[in-house]
1. At 1.4 Å probe size, put A:Glu75, B:Glu9 in order of accessible surface, largest to smallest.
2. For A:His10, tell me the accessible area in Å² from a 1.4 Å probe, rounded to the nearest 10.
3. Can you give the accessible area buried between chains B and A, summed over both chains, with a 1.4 Å probe, in Å² to the nearest 100?
4. Please go through the residue pairs B:Lys68/B:Lys105; A:Lys57/B:Lys105; A:Lys9/A:Lys57; B:Lys57/B:Lys81; B:Lys81/B:Lys108 and name each one whose alpha carbons sit more than 22 Å apart in this structure.
5. If you take each beta carbon of peptide B:33-42 and count the beta carbons of other chains within 10 angstrom, what is the mean?
6. Considering chain B as a Gaussian network with a 10 Å cut-off on Cα pairs, which listed residue, B:Gln100, B:Gln19, B:Gln36, attains the greatest mean-square fluctuation?
7. Just to be sure I follow the definition: excluding the sites themselves, where is the longest run in chain A that has none of the trypsin sites (Lys or Arg not before Pro) in a DSSP loop with at most 11 other Cβ atoms within 10 Å?
8. If I take every Cα pair under 8 Å that is 6 or more residues apart in region B:21-90, average their sequence separation and divide by the length, what percent do I get for the relative contact order?
Amino acid sequence: DSGVTQTPKHLITATGQRVTLRCSPRSGDLSVYWYQQSLDQGLQFLIQYYNGEERAKGNILERFSAQQFPDLHSELNLSSLELGDSALYFCASSPAGEYEQFFGPGTRLTVL
Amino acid sequence: GQNIDQPTEMTATEGAIVQINCTYQTSGFNGLFWYQQHAGEAPTFLSYNVLDGLEEKGRFSSFLSRSKGYSYLLLKELQMKDSASYLCAVRPYSGAGSYQLTFGKGTKLSVIP
């Protein structure tokens, strides 16, 4: 158990819908990262927040957005969902940048 | 941009030693990580190299050559539970406070009796 929690564990929804994935980092960790893992693409970085501020953006679609709240938990919002958005979404956290990232158990999103 | 290559699959025998290679091309370099991931589970941290050389941690060792853009993960005394995907990840330097990882597609290791 890494100490990073993610909810929900599984999510099944339809195309065109909107969902919110939630992540609570390890106690004391200020940085939160979101990654998407699909079978053909591997683990892809989406976005990083540090103490409430966006620090880096990767291959994140415009239909996706995220934020980090004052209590440091983070949410990833996915809208206008497409079949290709079906994937495992991982959240990771680290104390600051210069450390390894600890991954949560992931949310498996299935878009039908 | 970043490009990371590692073999797709490898098979090794229980008790043996296996070396998983990773080559990378990146604009800026601020460390290389190895993670282990069992199917359907979260990646777990194995090792971190930022300077050239070998880092040893129990049955696992990781090597880095920055001039060659090359790393390997060495697993000794293989156990059946080592069957997993091994992900090589590079942390490019991309500005203060920015620490995302770029992952390779992973090497699926199967350990056979």
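1. Greatest to least solvent exposure: B:Glu9, A:Glu75.
2. Only protein atoms counted, so the area is about 120 Å².
3. Accessible area lost upon association: around 1600 Å².
4. Values: B:Lys68/B:Lys105 20 Å; A:Lys57/B:Lys105 20 Å; A:Lys9/A:Lys57 24 Å; B:Lys57/B:Lys81 17 Å; B:Lys81/B:Lys108 13 Å.
As for pairs spanning more than 22 Å Cα to Cα, those are A:Lys9/A:Lys57.
5. Taking all residues of B:33-42 together, the mean is 3.
6. B:Gln100
7. Working: sites that count: A:Lys9, A:Arg18.
The segment A:19-112 is the longest one with no such site.
8. Reported relative contact order: 38 percent.
The values are calculated or read from the model by the stated rules, or taken from the named source; none is laboratory data. Just so we're clear, the structure is a prediction, and the values are computed from it rather than from any experiment. Cβ coordinates were reconstructed from backbone atoms using ideal geometry, including for glycine residues, and neighbour counts include every protein chain displayed. Just so you know, the surface numbers come from the protein's heavy atoms only, side chains and all, with ligands and any DNA or RNA stripped out. Shrake-Rupley method; radii C 1.70, N 1.55, O 1.52, S 1.80 Å.
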